[in-house]
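Here is the structure we will look at.
The values are calculated or read from the model by the stated rules, or taken from the named source; none is laboratory data. Quick caveat: nothing in here was measured; it's all calculated off a predicted structure. Cβ sites come from the backbone with ideal geometry, for glycine too, and all protein chains shown count toward neighbours. Protein only, heavy atoms only, side chains kept; ligands, DNA and RNA dropped before computing areas. Shrake-Rupley method; radii C 1.70, N 1.55, O 1.52, S 1.80 Å.
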Amino acid sequence: MPDLRTVTLLGATGSIGTQTLQVVAAAPDRFRVAALCSGGSDIPALAAAAAAVEAEAVGISRHDGLAELRAAIAAVWPAGRALPEIVAGPLAAAELAARPADVVLNAVAGSQGLRATLAALEAGTVVALANKESLVAGGPLVLERAAPGQLVPVDSEHSALAQCLRGGAPSEVAKLILTASGGPFRGWTRDRLAQVRPEQALAHPTWAMGPLVTTNSATLINKGLELIEAHLLFGIGYDRIDVVVHPQSAVHSMVEFVDGSTLAQASPPDMRLPIALALAWPDRVPGAAAAVDWATAQTWTFEPVDEEVFPAIGLARLAGSSGGSAPAVFNAANEAAVEAFLEGRATFLDIVDTVEAVLGLWLSREHVASGNPRTVEDVETVDRWARAHAREALAASSR
Ligand code: MG
């Protein structure tokens, strides 16, 4: 019988967070959520989730929601049970991540998840990482602090790669092949993409996710981030990581070995499988999700990425192989551009064009010579630089 693992859940009211709560509720003998935290946009949902697991600590990253959170918790807390400790403010996630736990599942959206990842690593806790941006932006910092096995992927593609990598020795690995759904605009031309409105970008064909990652899936920036994430997690060179479009999202990624054999991990699209595996790693959780139904006829297709229409993956490859803070620039420029797009201040094509312009500016100024970021402040400085230049580029292009 596996031991009960205590879980700290960061980003509890988002898509990954709510599915993590389902995984935990379905396996109460294996997991217990002891602390949870969210940005604070849906305080009643956070309070309800905290009450359901009788959490010991609850946090929000907004300062101003403290009174509302206290009241919401008091309203739903089971009678006679000890009230949780409550923390509020930008450092709440990092504070909770530093508390003793077996696993911190970091599902914070965007590069703001970095401090929490580092806090959990420093506390010696396993980090189940759903926040790929913290790894992309703070790569060198995170890798420096992570002991072998301390970072466990939650992303379906990286979970698939980790599973397939069990099939051979490191020296036998020829290539990683990341699969991409291709997003809602697969097969479109650049002219058509110019007309895309936010509500179209927010309708993803296979996965239900938050607005940032859904937009990133439509531009293929998400796959670019995943390419960098795969390099950092598995230590495989960018020249040995390929991306292939697979619209059915049944094969979540593959590993090709030196003898020509390819191992693929397949399951219907359901994040509860990689979440459960990450929480229990290296063990599997029986019944975590449904398996492929081989009694029903189905077709799985694979096609190359149209890099002309979707240059995001090539830009990620450039950022990743340039090293230093270039991946942080790639990510921050994108976050600023996505924000502008969702607020109607930029077109869909502006997003990747902005990333290209800001990354180009960073590389041309030889900022790379400054080397790897050494502190979170270094990463934040680069992050602000990239956001400011992204906003400037967007303002210039809308004039
Ligand atoms: Mg993914």
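Structure notes:
- Checked against the criterion of being over 28 Å from residue 301 (Cα atoms) and more than 16 Å from the ligand (Cβ to nearest atom), the candidates 150, 200, 195 yield just one match: 150.
- With respect to the conditions (1) closer than 20 Å to residue 246 by Cα; (2) open to solvent by 10 Å² or more (accessible area, probe 1.4 Å), residue 191 lacks only one, and its number is (1).
- Only a single criterion out of (1) touching a helix residue (DSSP H, G or I) at 6+ places or on another chain (Cβ under 8 Å); (2) modelled with pLDDT under 95 is not satisfied by residue 63, namely (1).
- For first residues located in segment 22-47 and within 27 Å of residue 90 (Cβ to Cβ) and assigned by TED's automatic domain parsing to the domain that holds residue 68, partners that are surrounded by fewer than 21 Cβ atoms within 10 Å (Cβ to Cβ) and among the acidic types (Asp, Glu) and lie 6+ apart or on another chain with Cβ distances below 7 Å form the pairs 34/56; 35/56; 43/68.
- Contact map, segment 330-347: residues that are open to solvent by less than 10 Å² (accessible area, probe 1.4 Å) paired with residues that are acidic (Asp, Glu), Cβ distance under 7 Å, separation 6+ or inter-chain. Pairs shown: 331/133; 332/383; 337/350; 341/350.
- Considering segment 157-170, and only residues there that are within 21 Å of residue 210 (Cα to Cα) and in contact with a Ser or Thr (Cβ under 8 Å, 6 or more places away or on another chain), the residue that is farthest from the ligand (Cβ to nearest atom) turns out to be 158.
- In the condition set (1) modelled with pLDDT of 95 or more; (2) open to solvent by 10 Å² or more (accessible area, probe 1.4 Å); (3) within 22 Å of residue 120 (Cβ to Cβ); (4) within 15 Å of the ligand (Cβ to nearest atom), residue 213 is compliant with all but (1).
- When 78, 148, 153, 84 are screened for being surrounded by fewer than 19 Cβ atoms within 10 Å (Cβ to Cβ) and in contact (Cβ under 8 Å) with a residue 24 or more places away in the chain, only 78 passes.
- Residue ID - nearest to the ligand (Cβ to nearest atom), chosen from residues in segment 103-135 that are out of contact with any strand residue (DSSP E or B) (no Cβ under 9 Å at 6 or more places or on another chain) and modelled with pLDDT of 95 or more: 118
- Any hit, segment 44-64, residues being of a type in the set (Val, Ile, Thr), within 20 Å of the chain's Cα centre (by Cα) and either on the phi > 0 side of the Ramachandran plot or open to solvent by less than 80 Å² (accessible area, probe 1.4 Å) (or both): yes
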